[in-house]
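Trainee: My structure is below; once you've seen it, I'll send some questions.
The values are calculated or read from the model by the stated rules, or taken from the named source; none is laboratory data. Predicted model, so just to flag it, every value in this text is computed and none were measured. Every residue, glycine as well, gets a Cβ built from its backbone with ideal geometry; the counts of neighbours run over all protein chains shown. Accessible surface is based on the protein model in full, side chains and every heavy atom, while ligands, DNA and RNA are left aside. Shrake-Rupley method; radii C 1.70, N 1.55, O 1.52, S 1.80 Å.
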Amino acid sequence: MVIGICRSFRDRALDRCYHCFSCLSDPARRSSLVLKVTLVMLHLVYVGILFLFDSDLIDKTKKEPWYTALYLLLFFAALVQYFITSGSSPGYVLDAMRVVNETNVICKKSSMAKTASSKNGSLPVEGCQSGRNFQGTDSTSWTKLVMDMYPPGTSVRSCICSYCNVEQPPRAKHCYDCDKCVLHFDHHCVWLGTCIGQGNHCKFWWYICEESALCLWTGILYITYLKANTSRAWWNDAIAILLLIPLSIFIVFLLLLLFFHSYLILTNQTTYELVRRRRIPYLRGIPERVYPFSKGVCHNLYDFCCGGSNIYSLEPLPSAQELEEKSRPYTCLDVLTCRCC
């Protein structure tokens, strides 16, 4: 009887909570919210205990306030970058197709207005500028646009996603967690609660860079605190050591992740392409040391850092001649002429 009343009271309380906060009714959004709260709490615990225990850090803050100000600035910047990255779109194929369709409509209206103005003897209207990534979409469909990026003779069925029922451009993949196809799919980040793809890979790199710097700085402050020859309670050291152990593991993980994604950026690869290279049809016959989408280190960096203005840019597969050129061994002349750049 009592258990039934408690369950009824709990269900009513949850219903009222879900009614007031609709985001909590979705299990996926609820777990994402819990994850974000947990991350913020972890940051606050590590920094709060540091300032609570370390009296030398407080004295240093009074003498050199800029030092603590820089640390707190990095602290807030990492948290802000986390929320920016987790809330950004990775670039979904369906959204790209919608942009193409909207561009088609605009181009058709522009073409009709141009025809009407030419008949009336008026000045011609300028043609539709759909951008460098979707030029010519006024006369072709999404299917034609995607199939032009594959070698001739490629079957349309082999490019259609069985879940989204849409043609996938090269380097796109269906994410089973998001239940959407993602352009330049890299991986699904559980910590962020979103996919990492063409639209937010740069934001993701900056986040792990800032988080790595913050964790390194925090680890140095904890070690400095433990090495200080000041009298304090033994349980203060015990708490600091218990916090420092997982922090050290997390630092190693973050640095490895940062170096790994830096390598992917310099070679214009994704995690999915590197891990599943032999299972991806358009990469299966290419040697492992050949990076088919690489345009050189400098061009790869420029596209990664400055190419974020359009998250729906589509990249065709390289031709056989381009693959042969990229598979050619480097010579001294290639080094002098900066072929890798």
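Trainee: Taking a probe of 1.4 angstrom, what is the accessible area of M41 in Å², to the nearest 10?
Mentor: Counting only protein heavy atoms, the figure is 100 Å².
Trainee: Here's something else I'd like to know. Which value, in Å² and to the nearest 10, is the accessible area of S231 when all protein chains are kept and the probe is 1.4 Å?
Mentor: In the full protein context, S231 sits at about 120 Å².
Trainee: Quick one: if you stick a label point 7 Å off each Cα along the C-beta vector at L42 and F250, how many nm between them?
Mentor: Spacing of the two 7 Å Cα→Cβ label points: 0.4 nm.
Trainee: Once the other residues with Cβ under 11 Å from the Cβ of L264 are scored (Lys, Arg +1; Asp, Glu -1), what is the net sum?
Mentor: After counting each charged neighbour, the total is -2.
Trainee: By accessible area of protein heavy atoms, probe 1.4 Å, what ranking do K63, K295, K173, K180 get, highest first?
Mentor: Ranked list, largest accessible area first: K63, K295, K180, K173.
Trainee: If you stretched the chain out fully between D179 and I58, how much longer would it get, using 0.36 nm times the residue separation minus the C-alpha to C-alpha distance?
Mentor: 38.7 nm
Trainee: Further, regarding this structure: In straight Cα distance, which lysines are under 24 Å from K203, not counting same-chain residues fewer than 8 positions off?
Mentor: Filter leaves K36, K173, K180, K295.
Trainee: May I ask you to compute the full-extension gain from L70 to R29, defined as 0.36 nm times their residue separation minus their alpha-carbon distance, rounded to one decimal in nm?
Mentor: Contour length minus Cα-Cα distance gives 11.4 nm.
Trainee: Once the piece of chain linking Y282 and V297 is laid out straight, how much longer is it, given 0.36 nm per residue of separation minus the C-alpha distance between them?
Mentor: Here the segment from Y282 to V297 would lengthen by 3.2 nm.
Trainee: Taking amide hydrogens as modeled 1.01 Å from N in the peptide plane, which residues meet the under 5 Å criterion relative to H187, leaving out close sequence neighbours?
Mentor: I196
Trainee: Starting from the residue with the highest accessible area, list Y222, Y312 in decreasing order, probe 1.4 Å.
Mentor: In descending accessible area the options line up as Y312, Y222.
Trainee: Also, quick follow-up: Would you rank S111, S294, S162 by solvent-accessible area, highest first, keeping every protein chain in place and using a 1.4 Å probe?
Mentor: Largest accessible area first, the residues go S162, S111, S294.
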